[in-house]
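Peer 1: Have a look at this one before I ask anything.
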2 protein chains.
Amino acid sequence: MAVYTEVSDTEIIAFVAQYDIGAVVSFKGIAEGVENSNYLLLTEREPYILTLYEKRVSADELPFFLGLMEHLAARGVPCPTPIHGRDGEAQRVLCGRPAAIISFLKGVWPRRIQPEHCTQLGAALAGLHLAGVDFDPRRRNALSTGGWRPLVEACRERADSVSPGLGATLDDELALLESDWPGDLPAGVIHADLFPDNVFFEGLRLTGLIDFYFACNDFFAYDIAVCMNAWCFERSGEFNVTKAHQLLSSYRRVRPFSDDELEALPLLARGAALRFLLTRLYDWLNRVDGALVKPKDPLEYLGKLRFHQGVSGPAAYGLT
Amino acid sequence: MAVYTEVSDTEIIAFVAQYDIGAVVSFKGIAEGVENSNYLLLTEREPYILTLYEKRVSADELPFFLGLMEHLAARGVPCPTPIHGRDGEAQRVLCGRPAAIISFLKGVWPRRIQPEHCTQLGAALAGLHLAGVDFDPRRRNALSTGGWRPLVEACRERADSVSPGLGATLDDELALLESDWPGDLPAGVIHADLFPDNVFFEGLRLTGLIDFYFACNDFFAYDIAVCMNAWCFERSGEFNVTKAHQLLSSYRRVRPFSDDELEALPLLARGAALRFLLTRLYDWLNRVDGALVKPKDPLEYLGKLRFHQGVSGPAAYGLT
């Protein structure tokens with residue numbers, strides 16, 4: 001939760017005057033989002049989100065993200081769409097940061113996941129994958145296999161201080177994934193970070209997918225694996241096969257899996273677990289006292305990795 | 001900026017169901033307020049603020065604050081008013097904290113103060129003082145003279161580490177204020193913390209006064225002194241006599257000063273400066289690494305105290 005850049009009243013009023021969305025009625029920093037500064041902006045017309053992109057999202061990459069949201073929203077994906085100013089531009093600069101106003105989505109994110117949430121998520125994820133097929137710009141996944149070795153190297157020396165034996169686990173897992181990672185699977189634009197706090201519901205009806213700032217081109221099934229890890233484990237660490245079944249079977253009603261995808265799922269789930277284990281471990285080892293955001297527990301993802309290491313096939317995820 | 005208590009989707013939905021305000025459409029923690037957890041709640045009808053009261057505001061004291069807001073709002077003061085549930089109650093418990101839904105106020109708080117802001121503020125403050133005259137419950141000001149000595153004692157030993165000579169300054173100032181503090185001046189309910197981030201404007205029109213959780217019974221002129229310190233100094237530390245003149249002359253058009261109040265103003269301004277110097281110094285010396293809220297600079301208020309120490313009468317504030 002964070003607002004890194006404080007925007008003044010005069011700055012926001014001048015900024016909003018570049019759009020045809022009515023005058024500013026209220027403007028409050030919101031305690032959500034780890035990477036960017038987000039404000040809930042109420043105008044005479046309706047609510048909007050103003051995002052100032054902090055260091056991780058560069059002005060160069062923003063056209064990919066904003067273009068993708070606009071593309072998906074136009075195809076019925078319930079995601080925010082960038083608002084264009086009177087000059088036609090959606091991307092501007094505010095307080096020295098790249099900035100954009102995007103549409104506001106109703107709903108709240110679920111803290112306690114029910115199987116029905118996973119059903120809705122599966123269909124929405126498949127819909128997102130299909131809607132992105134004709135999106136031309138490409139962005140490589142900087143946090144896929146090629147990005148893991150540098151993170152292992154940066155964390156290796158102190159890994160055992162977090163959990164004894166973690167360093168060796170990272171070495172072994174990385175070696176296996178680098179060797180066995182699939183070369184070719186159905187691919188396209190993926191969200192790559194579709195955790196519960198990025199998915200809004202009204203009741204049990206999915207109303208929104210947000211935060212596309214890790215979106216990239218990669219295997220569709222890797223995106224499913226990310227979701228399975230984020231949605232189908234209980235807080236106690238146990239895997240909930242009912243939720244996984246709901247997620248996967250709902251997904252494949254919209255976009256059927258190939259045999260290769262099915263077979264690769266346990267390995268992709270290990271990769272998806274390692275990816276979040278590594279970034280969390282890095283943030284944990286490099287946490288700054290006084291930082292606005294509390295680092296997340298890396299060991300949650302070590303447990304998930306271990307679960308998938310013990311899986312022999314997609315039947316473990318409730319698929320037949 | 002902080003949200004100390006995270007409320008889940010199911011908790012907020014069940015909580016809001018106790019009110020006749022429509023169903024929850026959105027619910028976001030807002031990065032404002034230092035002491036409590038604040039959420040912007042959108043329902044099918046309109047925006048509201050949900051506040052969870054953290055340790056400083058007790059359930060025992062909340063009826064005073066909520067009752068005061070309701071009293072003032074009913075008399076035309078532009079302040080939030082508590083929303084009552086179907087059972088008639090405005091104060092409840094959520095996530096183990098006292099909690100209330102209050103009405104939402106339009107406007108944004110001014111980061112760069114213009115003299116016209118001070119004009120509007122003066123009239124609104126006088127209006128607040130008059131509207132509170134028939135509010136019966138009383139709450140003593142725990143941060144007036146009687147509350148300063150314990151703070152000086154808690155900070156005395158390390159004060160010089162923040163600014164050489166600060167310890168002696170605190171001793172001398174406290175002795176003088178304890179000896180010369182007025183015994184009797186026009187008094188009633190005061191806001192006691194009316195800083196710019198607690199006052200909303202649309203353009204230069206004042207639309208809201210918020211955050212009544214320091215409100216108490218004390219001298220009206222002490223509240224004016226708090227505002228003068230918070231609104232009439234430039235960031236460079238210079239006192240802006242134009243702003244003070246606007247604040248004070250606008251105030252007294254609504255509620256005229258007595259001669260005693262006028263004469264006491266420089267001393268009250270020293271007391272108001274010492275009060276924020278002491279609480280900031282205490283927070284500074286006792287800051288916790290990793291805290292969500294960055295402590296404010298106590299020395300800003302040392303500069304303000306020094307200014308008022310050099311003032312011989314209210315003419316220094318632009319009054320004749």
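The values are calculated or read from the model by the stated rules, or taken from the named source; none is laboratory data. Being a predicted model, the structure only gives us computed values, none of them experimental. When we count neighbours, we look across all protein chains shown, and the Cβ atoms used for this are built from the backbone with ideal geometry, even at glycine.
Peer 1: Which condition number does B:Asp87 fail, the rest of (1) away from chain A (no Cβ under 14 Å); (2) closer than 18 Å to B:Leu41 by Cβ; (3) not in a strand (DSSP E or B) being met?
Peer 2: Just one mismatch for B:Asp87, condition (2).
Peer 1: Could you check, for the range A:303-319, whether at least one of its residues is at pLDDT 95 or above, within 28 Å of A:Gly132 (Cα to Cα) and crowded, with 22+ Cβ neighbours inside 10 Å?
Peer 2: Yes, that holds for at least one residue.
Peer 1: Can we say A:Ala73 is without any contact (Cβ under 8 Å) to a residue 40 or more places away in the chain, within 14 Å of another protein chain (Cβ to nearest Cβ) and within 19 Å of the chain's Cα centre (by Cα)?
Peer 2: Against the criterion (without any contact (Cβ under 8 Å) to a residue 40 or more places away in the chain, within 14 Å of another protein chain (Cβ to nearest Cβ) and within 19 Å of the chain's Cα centre (by Cα)), A:Ala73 does not qualify.
Peer 1: If you don't mind, there's one more thing I want to ask. Is it the case that A:Thr169 is assigned by TED's automatic domain parsing to the domain that holds A:Gly208, modelled with pLDDT under 95 and more than 29 Å from A:Thr207 (Cα to Cα)?
Peer 2: It is false that A:Thr169 is assigned by TED's automatic domain parsing to the domain that holds A:Gly208, modelled with pLDDT under 95 and more than 29 Å from A:Thr207 (Cα to Cα).
Peer 1: For the list (1) surrounded by 14 or more Cβ atoms within 10 Å (Cβ to Cβ); (2) within 22 Å of B:Leu277 (Cβ to Cβ), I need the number of the one condition that B:Ser163 fails.
Peer 2: Against the list (1) surrounded by 14 or more Cβ atoms within 10 Å (Cβ to Cβ); (2) within 22 Å of B:Leu277 (Cβ to Cβ), B:Ser163 comes up short only on (1).
Peer 1: Now for a different question. Could you pull out every one of the helices (runs of 4 or more DSSP H) wholly within the range B:236-320 that has 3 or more residues that are over 23 Å from B:Leu151 (Cα atoms), in contact with a Cys (Cβ under 6 Å, 6 or more places away or on another chain) and not polar (S, T, N, Q)?
Peer 2: Hits in the range B:236-320: B:241-254.
Peer 1: Determine whether B:Phe214 is part of a loop (DSSP other than H, G, I, E, B) and among the hydrophobic types (A, V, I, L, M, F, W, C).
Peer 2: yes
Peer 1: To continue, here is another question. Out of A:Tyr48, A:Tyr53, I need the residue that is within 14 Å of chain B (Cβ to nearest Cβ) and touching a helix residue (DSSP H, G or I) at 6+ places or on another chain (Cβ under 9 Å). Which one?
Peer 2: A:Tyr48
Peer 1: Just a yes or no: is a residue in the range B:266-289 surrounded by fewer than 16 Cβ atoms within 10 Å (Cβ to Cβ) and among the basic types (Lys, Arg)?
Peer 2: yes
Peer 1: Next up: Please name all residue pairs, on different chains or six or more residues apart, with Cβ atoms under 7 Å, provided the first residue is in the range A:301-317 and is among the hydrophobic types (A, V, I, L, M, F, W, C) and the second residue is in a helix (DSSP H, G or I) and surrounded by fewer than 17 Cβ atoms within 10 Å (Cβ to Cβ).
Peer 2: none
Peer 1: Follow-up. Identify the residue in the range A:1-11 that is at the interface with chain B (Cβ under 7 Å from one of its Cβ atoms) and surrounded by 17 or more Cβ atoms within 10 Å (Cβ to Cβ) and, among all such residues, is nearest to the chain's Cα centre (by Cα).
Peer 2: That would be A:Met1.
Peer 1: Would you confirm whether any residue within the range B:220-231 is within 14 Å of chain A (Cβ to nearest Cβ) and buried (at least 18 other Cβ atoms within 10 Å of the Cβ)?
Peer 2: no
Peer 1: Restrict the check to the range B:238-257 and report whether at least one residue is over 14 Å from B:His129 (Cα atoms), at pLDDT below 95 and surrounded by fewer than 20 Cβ atoms within 10 Å (Cβ to Cβ).
Peer 2: Scanning the range B:238-257 turns up no residue that is over 14 Å from B:His129 (Cα atoms), at pLDDT below 95 and surrounded by fewer than 20 Cβ atoms within 10 Å (Cβ to Cβ).
Peer 1: Would you pick out the residues in the range A:105-139 that are over 17 Å from the mean Cα position of the chain (by Cα), in a helix (DSSP H, G or I) and within 14 Å of chain B (Cβ to nearest Cβ)?
Peer 2: Correct list: A:Glu116 only.
Peer 1: Considering only residues that are within 10 Å of chain A (Cβ to nearest Cβ), polar (S, T, N, Q) and under 20 Å from the mean Cα position of the chain (by Cα), which ones fall in the range B:22-45?
Peer 2: B:Ser37, B:Asn38
Peer 1: Also: Among the residues of the range B:213-239, which ones are touching a Pro at 6+ places or on another chain (Cβ under 9 Å) and without any contact (Cβ under 8 Å) to a residue 24 or more places away in the chain?
Peer 2: Passing the criteria: none in range.
Here is a yes/no grid of residues against (1) assigned by TED's automatic domain parsing to the domain that holds B:Phe15; (2) loosely packed, with under 15 Cβ neighbours inside 10 Å; (3) closer than 24 Å to B:Gly237 by Cα; (4) at pLDDT below 95:
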residue	(1), (2), (3), (4)
B:Gly85	yes, no, no, no
B:Gln120	no, no, yes, no
B:Ala126	no, no, no, no
B:Val133	no, yes, no, no
B:Arg139	no, no, no, no
B:Ala142	no, yes, no, yes
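Peer 1: On the given criteria, is A:Gln120 polar (S, T, N, Q) and in contact (Cβ under 8 Å) with a residue 60 or more places away in the chain?
Peer 2: So A:Gln120 fits the description; yes.
Peer 1: Tell me, yes or no, whether the range A:96-104 has at least one residue that is in a loop (DSSP other than H, G, I, E, B), within 9 Å of chain B (Cβ to nearest Cβ) and at pLDDT 95 or above.
Peer 2: For the range A:96-104, residues in a loop (DSSP other than H, G, I, E, B), within 9 Å of chain B (Cβ to nearest Cβ) and at pLDDT 95 or above: present.
Peer 1: Exactly one of (1) surrounded by 22 or more Cβ atoms within 10 Å (Cβ to Cβ); (2) assigned to a loop (DSSP other than H, G, I, E, B) is unmet by A:Asp184. Its number?
Peer 2: Single failed check for A:Asp184: (1).
Peer 1: Collect the residues in the range A:166-181 that are out of contact with any Lys or Arg (no Cβ under 9 Å at 6 or more places or on another chain) and crowded, with 16+ Cβ neighbours inside 10 Å, keeping them in residue-number order.
Peer 2: A:Leu166, A:Trp181, listed by residue number.
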